[in-house]
Every structure is written in C-alpha cells, then in structure tokens.
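**Q** Okay, here's the structure, questions in a sec.
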Amino acid sequence: MKYKAVSIQEYLKYRERIKMPEFWAEWAQKLQWVKAPSAAFDGRRWFPGGALNASANVLDKHKGTFVWDKPGLIFETEEGETRAYTYSDLHKMTEDFAGRLAGLGVGPGDYVLIYSPPLPEALAFAWAAARIGAPFEWVFTGWGPGFLASRIAADKPKVIIAADAFPRRGRPVKVKEAVDKAVEAAGWEGNVVVLRRMGIDVPRTKRDLEVEEAPSAGRPEPYAAASEHPLFALPATYDEGSDGSIVHGTAGYLVQTYATTLWMGLRPRDTYFCTVLPGWITGITYVLFGPFMVGSTVVVYEGGPDYPHWDRWWNIIERYAVTVFLTTPGALRLLAKAGAAPKEAHALDSLRLVLTTAEPMDEELWRWAYEAAASGEVATYSYDPKYGRGRIPVIHFYITREVGTFFSGDLPDLIFTPIRPGTVGNPFPGFDLDVVDDEGRPIRGRPGHVVLRSPWPAMPVEAPEAYWRRWRGGVYYVGDWGVLTEDYYLTVLKRDDRVMKVNGYRISPGDIERAVSKLGYKAYVVAVPDPQRFQAPVVIVEGGGDPDAVRRAVRDGVGPIADPAAVLFVEEIDKALAEEAAAKGLEELKKAFGVGG
C-alpha cells in the first residue's frame, strides 16, 4: 500500500478541532457495552455508569464475522514448533478456563497472578480472569523469586498461573521452582495452576494443580464490570521500589487501547508480530488486548532474536507473512550487530509497517532499521531523499505504564505526519501533551518535563502515593525529560527520577538497593549509559564485600534483567557525586570514587 503523510499544518488544525472528552465519547461507541455510560467524563471518572466485559470485547465481538474462523494466534516455541488457534478456538479455551477459575473460588475483584512465558494457555487465563471480573497481573519471568514474592504480597491473588519451565537458548528456565520460592517467602496460601510447557519434573505440593485437575463451574456468563472496575495491575516502579501497583480500569483502558491500536495501523487482515511480551505495558496493551480487539492474526514467539541463529525473527516474519512488526530499539541494536546477512537471507516484502517503542531511538539506529528492515525494490513510502527510498515507514512510539497506551508517534491510519528520526513524532489526538520548565511554564526547543495537561481515559484507577505526587495543579508529570519543538515533535531524553531503562525494562534502584541490603551492605544504585542496554545499573557499596554475593542477591531479589554492569566498593557513598559521574559513564564513575572495578 502507498502511504501519504499530511503536513504539520494539517495536523495542528486537526488537533485544534478535537474537543475532549467528546472525542473519546465517539470512540467509546465502538465498544460493546452491557450498559451504556451516562457521560464520557464526569470530572473524576471516565464513562461513569457504564458496564462491559473486557473478554467479550476481545473475543465474543467477532462472532458472526469472518474473523471468528480465521487464525487469531500463532504461537511458536524456541524449538520451532507451531500451534495455531482461530478466534473461536481461543474463545472456547477462555470459557473453559473461566469456569475453572470460578471453580477454584475466584470471583469479581479477586486477583489472578500469571508467571509464565506467553503461552496460548496463559493468554487465555488472562482473558478468563477478565471474563469473570477478576483483575490479573502478568509478572515477567525475567523477575526473580524475591520480586515475584513482592508482587504476590501486593496482589494477594486467589490463584497463581505458572508454567513448569520454558527454554532459553536451549536450557530450561525453571519457572515453577521460582514460584515455590516466592510463595514460601510471601507466606501465601492458594492454588497454583501449572501449565505444562516443557513437561519436566517439578516438585509437587498440595497447592498445585494441572489445568485439567482444576474443578470447573461450567461456562460463566461474562461479568458486567463497571467502567472503573480493575482490569489488570503492573508494578508501580518508582525510585523507592515497586511495592505498589498501577491498576487500570476496564472501560477507559479498552477505549484508549482500541483507538490507538487502529491508529498505529492494525487491521483485521494484518498478521502482527510483537516481540514485547505481556508483563510489560506494551505487551499487555499491544499483544493481549489491542490486536485481538481489532481482529488481527497475532504471532507470539517465546524466544530471543539470536537463537539458534541470528535470523530467527526475520525467519518468522517471512514464514508467517507478517505485515506489522513491533519491537524495541534495544532489540534492533542487537540485530544490527549481526550485520546484513541474516536479514538478506529472507524476503520481507509482506511487511508494511515497522514499529518500535520502550526507550529512546536515536537517528542512526532509525536509519539502520529504515535501510535494513524497511528496504525494497519498490518504494511505497519516500520519507526524505537523504535517507534513500525505503519501502515502508519505521515509526517510533512513546508509552508509559501509567498512561497505558502509546500517546505520541506518527499515525499511519489517522493523521500521518512526516517522520522525524530521533523523535517520537507528534502527540496523539486526545492527549493534551506539553513540555514545561520547573515552574510549569510551556517551553519549546529545550529540555523540560513531559506533562499531560488533562486526564486520559486509561488513567489508573488505583495507584500508590508516588503516582499521585506527579499530579501538580491538575497537570500530570509523566516522568521523563523531553524536548518539544514549535511544530510539536517530541524527543524523549531520559527519566526525570532515578528509575532506569534497561533494555526497555523499567527498573527501580530501590528494588536493587533493598536486595543488596539483605546482605548487610549499605548500597546506592545509579544508572550508566550502555551501548546495548541503553542504561545499566551499577551498585555502589560502602565498605568492603563480595561482588559475586551482591550479583547473586540482585538476581534472586530482583531478577537477571537487573544484573549490574559493575559492583563498586567505596569508602563512603557520595550520592550527588555518584549521580553526576554516572551520567558520563562507568569509567568516569570509577574515576570519581578512585576504584578500579
């Protein structure tokens, strides 16, 4: 297909015509409601008086359409095995699992915690929880037992869904073993439903059940959830830690998700591959909900891009004729290291969009993606002569877990402005985004705080004090430094707090410091720039100690994704000096404290 970008003047005129909350009220009419809301926004709640079911808006809505009998999910294992499910298959599995959750005593408001790779059964359990009004939290398997224990304590789930294990580069990651440690640490009592991914022997306790062993309450009718009824939670990761939860409600989140999924380019006849997994907001919104609400075919792969060969993702795109590919700059940096050969071995002509998110994407990496993943013989999108004639657009989007969806970026299926590499494009319609100085005054062309000047539909219905402190005078401070140009292009620079972006993952220094403190050490954690991970944590420990013990404590208490780039032992921790030196890099940090490793 051909893409045509509108001028920035047309974009600005379009934004001026938008009236909120009427704009979102129009999009709300596209959902299936049990009871229509009395208004779009009453000054406190979105879509008050309304009732609907998330599972029905993901699956049931497609009954009687061509979508119902077409592939909804294609799941590929690291070993190369493939399972495909139609929308009707997914609906049947979700109904079955909803009955089993109900049979285990799960009801409206009871949490279900999922600790699993993106198995089809795990997706169905998330939809099943929503079907009976039970909010869920999907905990990423890169978090360790200590972090998982903290999420169990936060959610107090009625049931935990866990895989037995999954392969990572051919070796089993023992998920159930981590669950057992976390359950014991949290002092939790309940049932663990074990999903047999690898079929390996795992210790069996009296709380454990296979899926087929769980009692069933039949086929429960979809629960009519009030608009603000909790749908799912994610860790509230701030400086001090991740003990609290960011909880999204049902109606506002679904309206915002459905709209932005269509705007970013997905349609029912698309085959869509997203490498960001549930457990992160992008994976929840743009794997579990958005593309299924639209009716696309969703490809899910449980492994990384480089095993057993560097062409694994390119191979998947070619074999399944993927049309829309969403990944992260960190993943693209990894693919770029492998050179052109792995990509050139595959025909990628099916692709019509390459999308990225999770962390800032510099112009050089954008150029590589445009020339590599989006190149072809026939140009259908000519961005700018200096970049050559790429075949399709490469678009970078901005998201945070509190906002719930993408809210800045170029929109090929709404109002498509010219792509400006290194930016996250223009603010989405319906989001009153701005950049302000320390006094809250709008500024252009220089760094300031990224803010939203008005509520958005998917704003959290529950959150800790750290979130509410970011609301100042009716303005929400998103948590990032950014630059907004006069023509409304946004460049996101970095967090405005100590929270780190590591390979696109949001990690709290407080979580790492707490894990290290259990060794009896006094520690302070800073982030240093990293060419592959974007940022990497460094643990500064006062006094002497064992660096290997510190690393083990971080892996067990937080997870492998928080593995420190270095552990530095110093005589005395100077936090201001540490922050200033860390911004310049690891070697400057070492030099500032006079340490060699």
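**Q** Suppose only helical runs count, i.e. DSSP H with n ≥ 4. What mean residue ellipticity at 222 nm does that imply for the chain under -39500 (n - 2.57) per run, divided by all residues and rounded to the nearest 500 deg cm²/dmol? List each step's numbers first, then the result.
**A** Details: 18 runs with 163 residues, N = 597.
About -7500 deg cm²/dmol.
**Q** Near the amide H of residue 480, under 5 Å away, which other amide H atoms are found, from residues 5 or more places off or on another chain, if H is placed in the peptide plane?
**A** Result for residue 480 returns 450, 496.
**Q** Where does each of 438-445, 181-188, 148-155 land if you order them by average Cβ count within 10 Å, highest first?
**A** 148-155, 181-188, 438-445
**Q** Suppose R0 equals 51 Å; then what is the FRET efficiency for residue 584 and residue 36 from their Cβ-Cβ distance, rounded to the nearest 0.05?
**A** 0.35
**Q** Kindly write out, for segment 423-428 in residue order, the coupling ³J(HN,Hα) from the Karplus curve 6.51 cos²θ - 1.76 cosθ + 1.60 (θ = phi - 60°), rounded to whole Hz, with x marking Gly and Pro.
**A** The phi angles translate into 10, 9, x, 9, x, 5 Hz.
**Q** Let me ask something else about it. Using a cut-off of 15 Å between alpha-carbon atoms, which aspartates and glutamates can reach residue 337, once sequence neighbours fewer than 8 places away in the same chain are excluded?
**A** 306, 311, 364, 371, 530
**Q** Rg (Å, one decimal) plus Dmax (Å, integer) for the alpha carbons of segment 449-492?
**A** My reading of the Cα-based Rg and Dmax gives 11.9, 35 Å.
**Q** Here's a follow-up. Would you kindly derive the ³J(HN,Hα) couplings of segment 76-83 from the backbone phi angles with the Karplus curve 6.51 cos²θ - 1.76 cosθ + 1.60 (θ = phi - 60°), listing them in order in whole Hz, with x for Gly and Pro?
**A** Computed from phi, the couplings for segment 76-83 are 10, 7, 4, 6, x, 7, 10, 10 Hz.
**Q** Still on this structure, please answer the following. In which sequence would 593, 166 go, from the one with the fewest C-beta neighbours within 10 Å to the one with the most?
**A** Listing 593, 166 from fewest to most nearby Cβ atoms yields 593, 166.
**Q** So if I take the centroid of the Cα atoms in segment 140-177 and the same for segment 238-305, what is the distance between those two points in Å?
**A** The two parts, judged by their Cα centres, are 20 Å apart.
**Q** Ratio of Rg to Rh for the chain, alpha carbon only, Kirkwood?
**A** 0.95
**Q** Going by a ≥ b ≥ c, the root eigenvalues of the Cα gyration tensor, does segment 500-593 fall in the rounded group (a/c under 1.5), the prolate group (a/b larger than b/c) or the oblate group?
**A** Working: a/c = 1.76, a/b = 1.03, b/c = 1.71.
Here segment 500-593 falls in the oblate category.
**Q** Using Cα pairs under 8 angstrom and six or more residues apart, how large is the relative contact order of the chain, in percent?
**A** Details: 1349 pairs, mean separation 75.7, N = 597.
Reported relative contact order: 13 percent.
**Q** For segment 273-290, just list the computed ³J(HN,Hα) in residue order, Karplus coefficients 6.51, -1.76 and 1.60, θ = phi - 60°, integers in Hz, with x standing in for Gly and Pro.
**A** 10, 10, 8, 8, 8, x, x, 10, 4, 4, x, 5, 6, 10, 10, 6, 10, x
**Q** Please report, for the Cα atoms of segment 56-159, the Rg to one decimal and the Dmax as a whole number; what are they, in angstrom?
**A** Every Cα atom of segment 56-159 included, Rg and Dmax give 14.9, 46 Å.
**Q** May I pose another question? Please give the peptides 402-408, 44-50 ranked by average Cβ packing (other Cβ atoms within 10 Å per residue), highest first, as a rough proxy for protection. All intermediate terms of the calculation are to be shown ahead of the outcome.
**A** On the way: 402-408: 26.0, 44-50: 20.3.
Answer by packing, highest mean first, reads 402-408, 44-50.
**Q** Setting aside same-chain residues fewer than 8 positions from residue 181, which aspartates and glutamates have a Cα under 12 Å from its Cα?
**A** The qualifying aspartates and glutamates are 556.
**Q** Non-local amide H neighbours of residue 526 (under 5 Å, H modeled in plane, Pro and chain starts lacking H): which ones?
**A** 538, 540
**Q** Which aspartates and glutamates, if any, have their Cα less than 12 Å from the Cα of residue 70, not counting same-chain residues under 8 positions apart?
**A** In chain and number order, the partners are 89, 270.
Each value in this text was obtained by applying a stated rule to the coordinates, not by laboratory testing. Since the structure is predicted, the reported quantities are computational estimates derived from the model, not experimental observations. Neighbour counts run over all protein chains shown; Cβ positions are idealised from the backbone, glycine included.
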